[in-house]
Amino acid sequence: MVVLLETKLSHLKDDRAIMVDISGKDIIERYATAVGEILLSDLTIERIKNGTIEKGNVLVTARTAAILGVKRTPEMIPMCHQIPITGVDVNFSFHEGTIAATVEVRSVGRTGVEMEALTGVSIALLTVWDMVKSAEKDNTGNYPHTAIQNIKVLEKTKGSKTN
């Protein structure tokens, strides 16, 4: 049985979309980590590992794209506030048939950074796809085995976070 609770939507006022006023909130440390993965062929993953993708170093490019994505989140998501990003860390890990991207974002501000972390992961994975698409295409130009999946927030904190 699903119980629906009546909730007030913070981004709607009189049936109009609004940006929430955060001016009354305290300025504190904010932290979020997000993760996601891209499914790739084993051959493509090997080519990424040994640096033989024609477009260049896939993970260096994807890391740079993730950082840019974090910084530009308010330009892409209409109700996100521009916030001071104080740190971004992007890591990749290889698994059977996938590469996982993990993005950690830090800020000192009045609102959280989970949307920035999710955007960073998404842009990193899209960049990986763009860098390897010629290797992943089938003979019809489609991507039958390539997919981005499992993008989620792993952790979100406010207040001091130890390194």
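How far apart, in nm, are the 7 Å Cα→Cβ label points at SER93 and ILE77?
2.3 nm
Could you list which residues have their amide H under 5 Å from that of LEU154, counting only those 5 or more apart in sequence or on another chain, with H placed in the peptide plane?
Sorted by chain and number, the residues that satisfy this are THR33, ALA34, VAL35.
For the chain, just the Cα atoms, rotate onto the principal axes and tell me the three extents in Å, largest first.
54, 40, 32
Based on the alpha carbons, how large is the Rg to Rh ratio for segment 94-163 when Rh follows Kirkwood?
Rg/Rh: 1.10.
Express the accessible area of segment 9-81 per residue in Å², computed with a 1.4 Å probe while the remaining protein chains stay in the model. The partial results should precede the final answer.
Working: 4470 Å² over 73 residues.
Solvent-accessible surface per residue comes out at 61 Å².
Of all GluC sites (Glu not before Pro) in segment 70-163, which ones are in loop regions per DSSP and have a Cβ with at most 11 other Cβ atoms within 10 Å?
Values: sites: GLU75, GLU96, GLU104, GLU114, GLU116, GLU136, GLU155; in loops: GLU96.
Those that pass, being in a loop and sparsely packed, are GLU96.
Could you go through segment 20-25 in sequence order and give the Karplus-derived ³J(HN,Hα) for each residue, using 6.51 cos²θ - 1.76 cosθ + 1.60 with θ = phi - 60°, rounded to whole Hz, and x for Gly and Pro?
These are the phi-based 3J(HN,Hα) values: 5, 7, 9, 4, x, 7 Hz.
How far, in nm, would the chain grow between VAL108 and ASP21 when pulled straight, counting 0.36 nm per residue and subtracting the alpha carbon separation?
Numbers: separation 87, 0.36 × 87 = 31.32 nm, distance 1.69 nm.
Gain on extension, VAL108 to ASP21, equals 29.6 nm.
What's the lysine pair count for segment 1-156 at a Cα cut-off below 20 Å, pairs eight or more apart or interchain?
9
The values are calculated or read from the model by the stated rules, or taken from the named source; none is laboratory data. Since the structure is predicted, the reported quantities are computational estimates derived from the model, not experimental observations. Here the Cβ is made from the backbone with ideal geometry for all residues, glycine too, and neighbour counts use every protein chain on show. Just the protein is used for accessible areas: all its heavy atoms, side chains included, with ligands, DNA and RNA removed. Shrake-Rupley method; radii C 1.70, N 1.55, O 1.52, S 1.80 Å.
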